[in-house]
Structure formats: C-alpha cells, structure tokens
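The values are calculated or read from the model by the stated rules, or taken from the named source; none is laboratory data. Note that this is a predicted model, so its numbers are computed, not measured. When we count neighbours, we look across all protein chains shown, and the Cβ atoms used for this are built from the backbone with ideal geometry, even at glycine. Surface accessibility is based on the protein's heavy atoms, side chains included, excluding ligands, DNA and RNA. Shrake-Rupley method; radii C 1.70, N 1.55, O 1.52, S 1.80 Å.
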Amino acid sequence: MKQRYPIFLLMVFFVAGSFTAFAQRTVSGRVTDTGGSSMPGVNVIVKGTSVGTATDASGNYSINVTPDATTLVFSFIGYATQEIEIGNRTSVDITMTEDTRQLGEVVV
C-alpha cells in the first residue's frame, strides 16, 4: 500500500500542472467609430491563431485568450485594421478609424 502513495502524489501533481498550462482568461471590451457609435460585426482575432469572435449589436465583444497571447487584431471593411497589445489587461476598448486609401481603378 505504501508504494502507491508516491505514484498517486505524482499523478496529482501532473494533473494539477496540466490545468494551469491550459488556463485562459477573458478579454472583453467595446468597439466604436470616431463618432462614438457602436460598431457591430467587427472581427476580433488573437494574432497568430484562428481564435476569434465578432462584436455584437452594441459593439461589445468577449474572447478567451491563452496566457501567451499578446495581441488582438480588429478588422472591419472600410476601416483600418488595428493591432492592439493586450498585456495583462482584461478590458480593451478601441476606436476604429476609416481607411482613407483611394482606389486606383474601379471595375464594374
């Protein structure tokens, strides 16, 4: 019986360690335009991954990120894509700016 005790402790140690390796945190916030209006449908992606979400009708979002995630990428058609460093923050609000680049040609 005494031989199983160290093996049990070792198993508990590895199981507990695996939970902290997969620990996630939630980052949330609101996306607005330069006039302060909410922007629904803005894509929010963790840079370098396929983890993402979109803002709701009020411009709010919530996304689970791993501890090694450093940057969120915000994109919307007609607006400049923004990369925001999140650091240890759990709330990130941003203002999207219009992309003012002109098209050289328009093909219909």
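Inter-label distance, Asn64 to Lys47: 2.4 nm, where each label sits 7 Å from its Cα along the C-beta direction. Classify the range 51-100: rounded, prolate or oblate, from the alpha-carbon gyration tensor (a ≥ b ≥ c, eigenvalue square roots; a/c under 1.5 rounded; otherwise prolate if a/b is larger than b/c)? It comes out prolate by the Cα gyration axes. Give me the distance in nm between label points sitting 7 Å out from Cα along the Cα-to-Cβ direction at Ala57 and Ser75, one decimal. Distance between the two pseudo-spin positions: 2.7 nm. Of the residues Arg30, Arg101, Arg25, ranked by 1.4 Å probe accessible area with the largest first, the sequence reads Arg101, Arg30, Arg25.
Taking every protein chain into account, the accessible area of the range 16-102 amounts to 60 square angstrom per residue (probe 1.4 Å).
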